[in-house]
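Have a look at the structure below before the remarks.
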Amino acid sequence: MSLADRSLRGPVLSSSELEALLGDELPLLELLHQAFVVREHSFGRRVQVHVLDNARNARCPEDCGYCSQSAISDAPLDPYEWKRRSEMLENARAAYDLGAYRYCIVASGRGPTRKQTAALAETVRCIKRELPIQVCVSVGLLDEEKARVLKQAGVDRLNHNLNTTAALYPKICTTHTHADRCATLDAARAVGLEQCSGLIMGMGESNADLVEVALDLRERSVASIPLNFLIPIEGNPVQSDGSLNPERCLRALAMLRLANPGAEVRAAGGREGHLGSLEALSLWPANSLFVGGYLTTLGHDALATYRMIRDAGFEVELPDGKVASWAQLGLDEEFRVLGSERILKPDVATEIP
Ligand code: SF4
């Protein structure tokens, strides 16, 4: 039975089988094909595009070593308090007009107060009243009471990344624990919010660690899994461990897909820098992407991303479930005919006999 069949029909792939996918036993293109078969089964060739809005920047008391907004980072950021409701509504509208499936509100901090949660809930209510866009919220640690307030306001999904394994967690953060993170995901599930939770690669984890997180997320029936590739930001204590290259990143995406056949898998933060010229291959296992950059770093804009999606033979899904036309997304309907371009017709100095 093929890997794709095993992933879709079981018995589920074991830890050692998943770990082997991160080595070089199976050629990369073969692995990507297997991941694609599973991806196609659940999502066809559709790609959901997400836009992040950094609603509160920096001044976080936590010490997550990978984060430029943490209390221990020396990254030169311009801190700001929670954005006004009108600004977030405008940003949500801009995301919707851009063709985004989901608008993701992210705020720095350990977690929101009751008052902040209520204000955020009101903002989400306004957005949902005006726009048929999916809304995700990522605002730190939450208990059930706060998660319920957000759910009742219309939040579709709550993001809270596990980031890495429980054993490695103290190496990247000491102000909260892996168990705290799990408790927030449990709160989301308890109130009926979809869970979005993923990981960051490149912080000293082994293949076994990556698989452990992948299986933990499966166990938790997480709906969406963003795979972030550590962006080495000057001033942050945790810098890239040097393990990331395009092939390793693609193998990890494929492993996540085969371990979690029905989950949305996202080539998330750092895809541009770490996947380089192989970026489009991320669409074989992954079915979603961020556009327009990340919280404190730049990324590819929507147009460049749409072009990549189109050229790779995939399509963009809108919040109403329809597929966007390329013209709607600001691209030509047809591929350019490169044959007519000068660069493909160099001057020939001498005639070939
Ligand atoms: S809690 Fe969030 S914002 Fe604060 S340091 Fe950790 S990752 Fe950064």
May I ask you to order 74-81, 318-325 by the average number of other C-beta atoms within 10 Å around their residues, highest value first?
-> 318-325, 74-81
With a Cα-only, solvent-free Debye model of the chain, what are the log10 I(q)/I(0) values at q = 0.10, 0.12, 0.13, 0.14 Å⁻¹?
-> -0.60, -0.87, -1.02, -1.18
Applied in sequence order to segment 135-143, the curve 6.51 cos²θ - 1.76 cosθ + 1.60 (Karplus, θ = phi - 60°) yields integer Hz couplings, x standing for Gly and Pro, of 10, 10, 10, 9, 10, x, 6, 9, 9
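Can you tell me the mean projection area, over all orientations, of the convex hull of segment 213-289's alpha carbons? Units nm², please. Could the numbers behind the result be given before it?
On the way: hull surface 21.0 nm².
Mean orientational projected area (segment 213-289, Cα hull): 5.3 nm².
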Alpha carbons only, please: Rg and Dmax for segment 80-217, in angstrom.
-> 15.8, 45
Rg (Å, one decimal) plus Dmax (Å, integer) for the alpha carbons of segment 1-120?
-> 20.9, 54
Alpha carbon centroid spacing (whole Å) that separates segment 154-191 from segment 54-112 = 18
Cross-link pairs 128/322; 146/322; 83/146; 151/171; 83/322 - those with Cα-Cα distance over 23 Å = 146/322; 151/171; 83/322
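Out of all DSSP beta bridges in the chain, what portion is antiparallel? Express it as a percent rounded to 5.
Working: 2 of 36 bridges.
Beta bridges within the chain, antiparallel portion: roughly 5 percent.
Any read-out appearing in this document is the output of simple, stated calculations on the displayed coordinates, not a laboratory observation. The structure displayed is predicted, hence computed values, not measured ones. Don't worry about glycine lacking a Cβ; one is built from the backbone with ideal geometry, like all the others, and counts go over all protein chains shown.
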